[in-house]
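Here's the structure, in structure tokens; my notes come after.
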Amino acid sequence: MEAYRATRYVIRPHATTGGVEQVLQVGRLHPALDAALLTRGHHEWAFITAWNPGSRPQGKDENQRAQERLVAQLVAGGWVPAPAIGEAEDGSWSEQSLFVPGLPRTDAERFGRAFGQVAVLVGRTGALAELLLCGEPALVPAP
């Protein structure tokens, strides 16, 4: 779990983030992001990926296909994911990820399970960002 806590969760510049890059960290407040989200009516968010299920490295093509399925499911559910990347502080690894404004934590957990993730980062405006453990992968696909 320490690796997850030490990760830099980087949201690429996007309309939902005020058009600037935002860096999230577990256990921290993110007032600039909160302000940008509130102007768009969002009070919660999730940072998720389909890469490397179970924290086991996969090939780039396999990871990319899984990420495309995740994006398709999010968009089909009416969510607007923003491009993001999770990266080690020392730069030793990174994973393509998605920032999803407005995604409730229950849905974030469900997507995380469906894509075999150990945890997802979730937050609410005015609150600390937190790791949400996803547990065992679900037997049914995410919504």
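Do we have GLN64 as surrounded by fewer than 17 Cβ atoms within 10 Å (Cβ to Cβ), assigned to a helix (DSSP H, G or I) and at pLDDT 95 or above here?
Judged against the criteria, GLN64 is a match.
In a loop (DSSP other than H, G, I, E, B) and in contact (Cβ under 8 Å) with a residue 12 or more places away in the chain, is that true of ARG69?
It is false that ARG69 is in a loop (DSSP other than H, G, I, E, B) and in contact (Cβ under 8 Å) with a residue 12 or more places away in the chain.
Select the strands (runs of 3 or more DSSP E) contained entirely in region 73-134, then report the ones holding at least 1 residues which are of a type in the set (Phe, Trp, Tyr).
Ranges flagged: 94-101.
Go through region 1-40 residue by residue and tally those that are touching a Pro at 6+ places or on another chain (Cβ under 9 Å) and at positive phi.
1
Report yes if some residue within region 60-72 is small (Gly, Ala, Ser) and over 18 Å from LEU132 (Cα atoms); otherwise report no.
Yes, that holds for at least one residue.
Testing TRP51 on (1) within 17 Å of ARG12 (Cβ to Cβ); (2) open to solvent by 10 Å² or more (accessible area, probe 1.4 Å); (3) not in a loop (DSSP other than H, G, I, E, B), one condition comes back false. Which one is that?
That leaves (3) as the condition not met.
For region 22-54, which residues satisfy the criterion of being in contact with a helix residue (DSSP H, G or I) (Cβ under 8 Å, 6 or more places away or on another chain) and hydroxyl-bearing (Ser, Thr, Tyr)?
Correct list: THR49 only.
What number of residues within region 72-110 satisfy the criterion of being without any contact (Cβ under 8 Å) to a residue 60 or more places away in the chain and either exposed (fewer than 15 other Cβ atoms within 10 Å of the Cβ) or among the polar types (S, T, N, Q) (or both)?
Residues meeting the conditions: 11.
Those residues that are part of a helix (DSSP H, G or I), in contact with a strand residue (DSSP E or B) (Cβ under 7 Å, 6 or more places away or on another chain) and open to solvent by 40 Å² or more (accessible area, probe 1.4 Å), I need them from region 6-47; list them, please.
ALA32
The values are calculated or read from the model by the stated rules, or taken from the named source; none is laboratory data. In this text, all values refer to a predicted model and were calculated from it rather than measured experimentally. Cβ sites come from the backbone with ideal geometry, for glycine too, and all protein chains shown count toward neighbours. These accessible areas exclude ligands, DNA and RNA; they are computed on the full protein's heavy atoms, side chains included. Shrake-Rupley method; radii C 1.70, N 1.55, O 1.52, S 1.80 Å.
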